[in-house]
Amino acid sequence: MPMTVEAAPGQKLYRAVVDALQREIETGRFAEAQLLPAERELCELLDVSRTTLRKAIADLIAEGVLFNRHGAGTFIHRATPRVDQPSSRLTSFTEDMRLRGLEASSRELERGVFLPTPEEAMMLGARPNERVFRLDRLRLADGSPMAIERAAVPLRYLPEWESVGASLYEALSTRGFKPTRGLQRLRAIRISDADAELLGVARNSPALHIQRIAYLADGSCVEFTKSLYRADAYDFVSELALPPLPRKARR
Ligand code: 16G
């Protein structure tokens, strides 16, 4: 069904197209696919020129309503699940999502065995010439991108790295190397253009940069992971308690 786009007095036509597209997205017209219909089809639907449509799409991308995936087209942002994440629990992404009734999945960005960077060697306490297994993934919940995780694990813990499946922690547990303690550092950053595209957020969006170092019960370091979590999808929640009183002050 064609849509009529009429610019209000003083309004540019392409801004009227922005409003019309936004309205249609909100009311679910393109709900069956995340991919926006082809340019030609949209021009016909809205009865506007390509130039007008392109300007409108550029604005909707800047506003974070749409996003471009290189070579694949223009996509609509679906409402991202919002997650309260306790920051004191050592759980995996897969477990966290399962607990919330969301389906975890990943898009693998890199998998391989490398010599560690100086930072990885230091964080992991790697032995001389020890190599690390690296796994970089885009993590999704019910199909929505939530985080980018770049994990490094000393190869001795996962020599069969090629067969690591959907969950890194499950692979470690199966081999008897389940992390039992972790340290996490969290800070706010402005996301790079490449990562914004992967996460499907507007350029220069804020994100949460998290570094996790996880240890085995014997104190050796099993994982060093740098992650970028969507700031609009995550609340990290901490439980607070009064510190124990010094002995003298106790009555
Ligand atoms: C969590 C961890 C990440 C770990 C991953 C394993 C944070 C900030 N990060 O996302 O360090 O590698 O879980 O998940 O919580 P997986 O077992 O589903 O692969």
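The values are calculated or read from the model by the stated rules, or taken from the named source; none is laboratory data. What you see is a predicted model, and the numbers here were worked out from it, not measured in a lab. Cβ atoms come from the backbone with ideal geometry, glycine included; neighbour counts cover every protein chain shown. Just the protein is used for accessible areas: all its heavy atoms, side chains included, with ligands, DNA and RNA removed. Shrake-Rupley method; radii C 1.70, N 1.55, O 1.52, S 1.80 Å.
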Q) Inside the range 84-112, can you point out the residues that are at pLDDT 95 or above and open to solvent by 90 Å² or more (accessible area, probe 1.4 Å)? A) Arg107, Glu108
Q. Quick check: is even one residue across the range 37-52 under 22 Å from Arg230 (Cα atoms) and either touching a residue at least 12 places away in the same chain (Cβ under 8 Å) or surrounded by fewer than 14 Cβ atoms within 10 Å (Cβ to Cβ) (or both)?
A. no
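Consider Leu155 carefully, then state whether it is closer than 13 Å to Pro116 by Cα and open to solvent by 10 Å² or more (accessible area, probe 1.4 Å).
Details: closer than 13 Å to Pro116 by Cα: yes; open to solvent by 10 Å² or more (accessible area, probe 1.4 Å): yes.
In short, yes.
Would it be correct to say that Leu228 is within 13 Å of the ligand (Cβ to nearest atom) and closer than 30 Å to Gly125 by Cα?
On the way: within 13 Å of the ligand (Cβ to nearest atom): yes; closer than 30 Å to Gly125 by Cα: yes.
Here the answer is yes, as Leu228 does meet what is asked.
Residues in the range 205-251 that are loosely packed, with under 10 Cβ neighbours inside 10 Å, closer than 30 Å to Thr80 by Cβ and either in contact with a strand residue (DSSP E or B) (Cβ under 9 Å, 6 or more places away or on another chain) or acidic (Asp, Glu) (or both): how many? Even if it seems obvious, please write down each step before you answer.
First, the residues of the range 205-251 that are loosely packed, with under 10 Cβ neighbours inside 10 Å: 218-219, 238-251.
Subsequent filtering for residues that are closer than 30 Å to Thr80 by Cβ retains 238-240.
Checking the rest, the ones that are also either in contact with a strand residue (DSSP E or B) (Cβ under 9 Å, 6 or more places away or on another chain) or acidic (Asp, Glu) (or both) come to 238-239.
Matching residues across the range 205-251 total 2.
When the range 54-71 is examined, which residues are found to be out of contact with any Leu (no Cβ under 6 Å at 6 or more places or on another chain) and among the aliphatic types (A, V, I, L, M)? Step through it out loud before you land on a result.
Start the filter on the range 54-71 by keeping residues that are out of contact with any Leu (no Cβ under 6 Å at 6 or more places or on another chain), which leaves 54-59, 61-65, 67-71.
Within the range 54-71, Ala56, Ile57, Ala58, Ile61, Ala62, Val65 qualify.
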Q | Conditions (1) open to solvent by 30 Å² or more (accessible area, probe 1.4 Å); (2) out of contact with any Lys or Arg (no Cβ under 7 Å at 6 or more places or on another chain); (3) among the aromatic types (Phe, Trp, Tyr); number of the one not met by Phe30 | A | (1)
Q: Give the residues of the range 168-180 that are in contact (Cβ under 8 Å) with a residue 60 or more places away in the chain, surrounded by fewer than 17 Cβ atoms within 10 Å (Cβ to Cβ) and within 13 Å of the ligand (Cβ to nearest atom), sorted by residue number.
A: Glu170
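Have a look at Gly71, Gly64 and point out the one that is surrounded by 15 or more Cβ atoms within 10 Å (Cβ to Cβ) and on the phi > 0 side of the Ramachandran plot. Show your work before the answer.
On the way: Gly71 fails: surrounded by 15 or more Cβ atoms within 10 Å (Cβ to Cβ).
Criteria check complete, one pass: Gly64.
Taking the range 113-137 as the search range and keeping residues that are within 16 Å of the ligand (Cβ to nearest atom) and not hydrophobic (A, V, I, L, M, F, W, C), which one is most open to solvent (accessible area, probe 1.4 Å)? Working first, answer last.
Step one: of the range 113-137, the residues within 16 Å of the ligand (Cβ to nearest atom) are 119-120, 123-124, 132-137.
Narrowing the set further to residues that are not hydrophobic (A, V, I, L, M, F, W, C) leaves 119-120, 134, 136-137.
Values: Glu119: 66, Glu120: 19, Arg134: 40, Asp136: 19, Arg137: 12 Å².
Across the range 113-137, the extreme among qualifying residues is Glu119.
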Q) Do we find a residue being of a type in the set (D, E, K, R) and away from the ligand (no atom under 16 Å from the Cβ) anywhere in the range 88-97? A) no
Q.
For the list (1) of a type outside the set (Phe, Trp, Tyr); (2) buried (at least 19 other Cβ atoms within 10 Å of the Cβ); (3) within 24 Å of Gly200 (Cα to Cα); (4) more than 8 Å from the ligand (Cβ to nearest atom), I need the number of the one condition that Ala147 fails.
A. (4)
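Here is a check on your reading of the model: is Ala214 modelled with pLDDT under 95 and either among the aliphatic types (A, V, I, L, M) or in contact with a Leu (Cβ under 7 Å, 6 or more places away or on another chain) (or both)?
Values: modelled with pLDDT under 95: no; either among the aliphatic types (A, V, I, L, M) or in contact with a Leu (Cβ under 7 Å, 6 or more places away or on another chain) (or both): yes.
So Ala214 fails the test.
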(Q) Against the conditions (1) in contact (Cβ under 8 Å) with a residue 60 or more places away in the chain; (2) near the ligand (Cβ under 10 Å from one of its atoms), where does Glu239 fall short? Just the number, please. (A) (2)
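Does Arg137 satisfy the criteria of being touching a residue at least 24 places away in the same chain (Cβ under 8 Å) and assigned to a strand (DSSP E or B)? Working first, answer last.
Working: touching a residue at least 24 places away in the same chain (Cβ under 8 Å): yes; assigned to a strand (DSSP E or B): yes.
Judged against the criteria, Arg137 is a match.
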